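See structure below.
The values are calculated or read from the model by the stated rules, or taken from the named source; none is laboratory data. Here the structure is a predicted model, which means the values were calculated and not measured. Glycine also receives a Cβ, built like all others from the backbone with ideal geometry; neighbour counts cover every protein chain displayed.
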Amino acid sequence: MADALDVGAFAIDDISEPGDQAEDVFTFDDIPGIDDKALEGLLWNMDMKELSKALISENADIRKKFYTNMNLQNLQALNKDMMDTERFTVFEKRNAQRAVLEQIAKMANVRKRLENGYPSLENFANYLLTRNSDSATNPYGIFDGEATVIRFSEHKNGEEILADIERRNAEENMGNIAIPNTGIKLINFSLCPRCAKVFSYKDLSDYYANPKRDARYKNMKEQFRSDTRVYCHDCGAYFLPALVVSDGAPKSEQQFLCRIQTMDAIEDFYGKRGTRVLSRNKKNMLLKGQTRTATGIRNDVFIKDMEAKPTLVTNLLQYTPAKYVMNIIDGSNYRKGDMLFGAWQ
């Protein structure tokens with residue numbers, strides 16, 4: 001049996017009899033070997049009724065693998081469905097298991113496309129339509145839902161795909177932004193993941209100016225600060241907008257920095273000019289409670305100061321919530337009290 005972590009490369013069990021399976025077929029018995037993060041991401045969108053059929057009478061290791069990677073809400077729904085599930089045939093159970101395996105394979109293939117680049121615009125668009133902004137396996141690592149700018153993956157067809165994205169952007173009037181005095185462009189490619197409705201940059205800006213009230217936030221001020229999603233009024237889905245960064249940064253410079261590296265590099269750049277910014281300026285630190293714990297950093301840097309360093313501009317935009325991008329571009333970010341990379345996690 002091949003390594004179960006490479007499930008995307010496997011054929012899916014066609015629910016044949018046990019003795020008839022090929023060696024490289026990925027079956028339900030291989031579930032315990034799946035990467036936890038891959039399974040956790042899958043379970044956000046799993047139909048609990050189907051999963052209940054797939055798990056009934058399965059061995060403890062398989063059930064435990066699912067239970068330990070589920071959030072409380074899904075776990076409660078699954079337990080209820082397993083108790084309420086009426087009698088069903090072995091064929092129905094096998095079909096349910098096959099549906100689970102197909103979703104696992106789909107998740108693995110999405111992750112591989114993210115790591116290896118996109119062979120076509122269709123695949124890239126499919127990723128945007130299938131990603132789950134609430135999933136623990138989203139491609140933004142420690143930034144979770146805050147990083148709403150996607151850096152286009154390097155790929156042998158990258159230039160052609162980027163040209164296709166720009167073309168579709170123009171055809172559907174999504175809107176893009178050129179950063180003055182740099183080779184950087186932000187190309188909007190925002191599609192609702194449920195109904196595929198196209199959102200122009202104006203649509204995004206209008207929504208952020210008047211977002212749908214979300215009861216999970218105690219007030220609108222907190223929601224304005226923290227929520228970077230967009231709500232689709234057509235189908236009721238929330239999603240993260242996609243802004244593809246096309247940059248002209250010199251290839252000799254390091255182009256992919258993490259959040260802390262980006263902050264350090266910007267602070268060093270300003271420091272050489274005798275200016276303290278971001279965390280080096282204590283006035284920017286937002287402190288909370290008696291312990292004075294840091295909960296965020298005000299963004300007091302300006303793109304016009306960094307025109308000679310397009311790599312820093314690109315990385316700053318990469319980790320900036322889309323709702324704040326225009327403020328950085330027009331220089332109003334500090335006056336409006338914007339936070340660096342959104343709220344502190």
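The requirement of being touching a Pro at 6+ places or on another chain (Cβ under 6 Å) and modelled with pLDDT of 75 or more is fulfilled nowhere in region 88-102; no residue meets it. Inside region 303-343, residues that are surrounded by fewer than 16 Cβ atoms within 10 Å (Cβ to Cβ) and hydrophobic (A, V, I, L, M, F, W, C) make up a count of 1. When region 47-64 is filtered for residues that are among the charged types (D, E, K, R) and either within 18 Å of residue 95 (Cα to Cα) or crowded, with 18+ Cβ neighbours inside 10 Å (or both), the ones remaining, listed by number, are 47, 49, 50, 53, 58, 63.
If you go through region 160-196 and keep only what is in contact with a helix residue (DSSP H, G or I) (Cβ under 7 Å, 6 or more places away or on another chain) and hydrophobic (A, V, I, L, M, F, W, C), you end up with 161, 165, 174, 177, 179, 184, 186, 187, 189, 191, 196. Each residue in region 250-267 was checked for being touching a Phe, Trp or Tyr at 6+ places or on another chain (Cβ under 9 Å) and modelled with pLDDT under 70, and 0 of them qualify.
Taken over region 300-345, the residue count meeting the criterion of being assigned to a loop (DSSP other than H, G, I, E, B) and at pLDDT 90 or above is 8.
Any chance you could count how many residues in region 189-211 are more than 10 Å from residue 129 (Cα to Cα) and either outside the structural domain of residue 242 (by TED's automatic domain parsing) or among the hydroxyl-bearing types (Ser, Thr, Tyr) (or both)? Count: 5.
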